[in-house]
Ligand SMILES: [Zn+2]
């Protein structure tokens, strides 16, 4: 009994991109929960939300995150990115080192700032298989090694900064990883 009821409310979830927000995947309704909140109160709100949306019809679709075109082979997606992608030295370096495609004019480089990182991130979204070659990149330099080791952390920071439009801490974190400069010592004044 309990399991059937639970199943019925599986479309009631925590919002994947909005903080502290309940989401009904059937109708798209959201309920923001103000934090801090006691656990019993949190439970009561989610329970009530589930109750109200238990039988609501499927009329809404969560917008799909951009995905790579699975119809295309890895080689085709690389080719597509080479012609239409947002390329920079560091993302070109990824391809050159991992896939041995000569596409860097001059010297290779790691990403220096969040914009560079973003171009690498976009390349990885188009060609996720490149992740398998991360050890090759990490072997090329100390900064690459540090960035690769913290890639998921940096990706989360990137998406968070893009979402909130509050920039600064990711740059500092990158500099910290690249130069070994402790966070907070980078600027005389903290960036606004
Ligand atoms: Zn609903």
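The values are calculated or read from the model by the stated rules, or taken from the named source; none is laboratory data. What you are looking at is a predicted structure, and each value in this text was computed from that prediction instead of being measured. No Cβ is skipped: glycine too gets one built from the backbone with ideal geometry, and neighbour counts run over all protein chains shown.
Could you tell me whether residue 148 is crowded, with 18+ Cβ neighbours inside 10 Å, more than 16 Å from the chain's Cα centre (by Cα) and at pLDDT 95 or above? Judged against the criteria, residue 148 is not a match.
Answer yes if at least one residue in region 38-51 is assigned to a loop (DSSP other than H, G, I, E, B), farther than 30 Å from residue 129 by Cβ, at pLDDT 90 or above and within 12 Å of the ligand (Cβ to nearest atom), and no otherwise.
no
No other residue among 30, 4, 21 is more than 12 Å from the ligand (Cβ to nearest atom) and either at pLDDT 90 or above or surrounded by 12 or more Cβ atoms within 10 Å (Cβ to Cβ) (or both) apart from 21. In the set (1) part of a helix (DSSP H, G or I); (2) within 16 Å of the ligand (Cβ to nearest atom), residue 79 fails one condition alone, (2).
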